[in-house]
1. Can you spot the aspartates and glutamates whose alpha carbon is less than 13 Å from residue 145's alpha carbon? Ignore those fewer than 8 places along the same chain.
2. Can you compute the FRET efficiency between residue 218 and residue 240 using 1/(1 + (r/R0)^6), with r the Cβ-Cβ distance and R0 = 45 Å? Round to the nearest 0.05.
3. Take the chain, connect every pair of alpha-carbon atoms lying under 10 Å apart with a spring to form a Gaussian network, then pick out the residue of 60, 189, 167 with the largest mean-square fluctuation.
4. So for the chain, Kirkwood radius off the Cα pairs, Stokes-Einstein at 20 °C and 1.002 mPa s: how many µm² s⁻¹?
5. Starting from the 7 Å offset along Cα-to-Cβ, what nm value, one decimal, do you get for the label separation of residue 233 and residue 210?
6. For the pair residue 55 and residue 264, how long in nm is the line joining their label points, each one 7 Å along Cα→Cβ?
7. Can you tell me the relative contact order of the chain? Whole percent, Cα pairs under 8 Å, sequence separation 6 or more.
8. Near residue 85, within a Cβ-to-Cβ distance under 15 Å, what is the net charge of the other residues, with Lys and Arg +1 and Asp and Glu -1?
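Every number in this text was worked out from the coordinates using simple rules, so none of it is lab data. All values reported here derive from a predicted model rather than from experimental measurement. Here the Cβ positions follow ideal geometry from the backbone for every residue, glycine too, while neighbour counts run over all protein chains shown.
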Amino acid sequence: MQLRRWNQVFRAIRAQWFHRAAPHAKVLLPRTTHTPYPKPGADVSLPECVAALEEMRQALQRETAQRQALERAFRGTRKALIQAEADLACVRGGERHARHQALHDELTTLPNRRHLMQQLGQALAQRGPEDLGPTVIYIDLDHFKTVNDTHGHGVGDEVLRITAARLSAAVRHGDLVVRLGGDEFVCLLQGVADAAPLRQLCAKLLEAVSRPMKVADLQLLVCPSIGVAMCPQHGTAAKDLMACADAAMYAAKRERRGFAFYGEAA
Ligand SMILES: Nc1nc2c(ncn2[C@@H]2O[C@H](COP(=O)(O)OP(=O)(O)OP(=O)(O)O)[C@@H](O)[C@H]2O)c(=O)[nH]1
């Protein structure tokens with residue numbers, strides 16, 4: 001209804017302009033035109049045209065305001081979505097970081113005791129009656145306190161980092177090297193059938209850690225003691241294997257043997 005009225009008004013305005021303001025413009029019109037121009041003021045009076053134009057101006061103003069409000073709302077929503085996405089990425093990154101921190105040692109970046117106990121528990125739980133069990137190799141540095149006391153904790157920290165790197169380099173891909181805390185480390189191996197390759201590995205670990213360490217302008221010699229516990233010979237529960245490996249390590253330290261298997265006489 002409104003559109004029809006506006007059309008009517010426009011036709012009238014055009015006709016008024018055509019007849020009053022520019023009568024000479026008639027000559028510019030093609031003779032073949034099919035649209036007859038209404039007589040000026042035929043349908044609608046000039047005040048009515050002005051009122052209709054004002055009405056249209058207000059309607060357009062309302063629509064423009066509505067469109068601008070919609071655009072603002074859209075921009076606001078898009079900004080909020082982008083922010084929400086960034087927040088989510090931040091939360092996920094934080095979660096990843098927290099999970100990593102919970103399972104790793106800050107000083108050496110090695111997995112920590114919690115990580116070891118998870119892995120060991122899992123390996124034992126998944127082991128079938130005929131399967132080879134995991135092996136725990138417990139490593140403790142000898143007289144590490146003296147390094148700290150003589151050269152300071154900074155040097156001691158660097159010795160721990162070097163030890164971690166050397167142990168990691170000595171084991172096979174897939175074996176787990178862990179810092180338990182202090183100067184204690186563990187290597188967790190899977191599927192080792194007998195003692196011979198373990199002896200070779202212990203000798204390799206012993207040699208790797210005992211090589212001179214260069215820290216700042218110091219040359220340091222640090223030796224480890226190593227204890228081994230195998231599943232199922234020495235235990236089938238995580239705490240038993242850890243206790244046996246620890247006891248074997250102390251026997252090696254006490255008897256200055258370098259490394260020892262649990263229950264093995266000197
Ligand atoms: N630099 C440094 N020292 C640490 C850290 N954590 C523990 N320690 C020290 O490591 C030492 C470990 O002590 P022990 O293993 O009992 O001492 P040890 O001299 O190695 O004795 P043995 O093992 O019997 O030869 C302690 O002096 C701790 O203060 C660490 O993160 N950084």
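1. 157, 183, 184
2. Result of the calculation: an efficiency of 0.65.
3. 60
4. 83
5. 2.2
6. Placing both labels 7 Å beyond Cα along the Cβ direction yields 10.5 nm.
7. Working: 317 pairs, mean separation 41.6, N = 266.
Computed value for the chain: 16 percent relative contact order.
8. +2
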